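Data first, discussion second: the structure below is written as structure tokens.
The values are calculated or read from the model by the stated rules, or taken from the named source; none is laboratory data. Small disclaimer: the values here were computed from a predicted structure and weren't measured. When we count neighbours, we look across all protein chains shown, and the Cβ atoms used for this are built from the backbone with ideal geometry, even at glycine. To get the accessible areas, we keep the full protein, side chains included, count just its heavy atoms, and leave off ligands, DNA and RNA. Shrake-Rupley method; radii C 1.70, N 1.55, O 1.52, S 1.80 Å.
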Amino acid sequence: MDISEVVRRTGVPASTLRFYEKKGLISATRGAGERRHFAPDVLDQLGLVALGQAGGLSLDEIGAMLSPAGAPQVDKNLLMAKADEIDATVKRLRAMSKGLRHAAECPAPGHAQCPTFQRLVKIAAAARLKGRTTTFGTDTRKADSVRS
């Protein structure tokens, strides 16, 4: 199918398809002066790319798992590490939600009089001084990696 058909069927812009092709995530064939043509399995490959991105994988990480034959070569250690990152993020977000709910419902006359709020401020300040971020009592090291 040509590039316009892939765009129509997936909603992925043509510019993104060309970028994915350049990165080696998908492949196309074309003759001189012709439009790109993709095999029908490109739809599955694009689905794998979307799934990987939804799971927090970079395009480079996704590309490393896609083989030229089309069958994914799953890096189970990478997937476990990503699952651990997601679990840690969920834990931080739950802690933040709990802290925000407490701040919204606290019976103290003001935040300065709330022992829980004061404790959270001290934890956040101490973590910041140690080079960590914190979310209502859950310390985490700052991420230094950049996704491609």
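Only one of the numbered conditions (1) open to solvent by less than 80 Å² (accessible area, probe 1.4 Å); (2) touching a residue at least 60 places away in the same chain (Cβ under 8 Å) is not met by residue 60, and that is (1).
Looking across the range 6-49 at every residue that is open to solvent by less than 70 Å² (accessible area, probe 1.4 Å) and of a type in the set (Val, Ile, Thr), the one that is nearest to residue 62 (Cα to Cα) is identified as 49.
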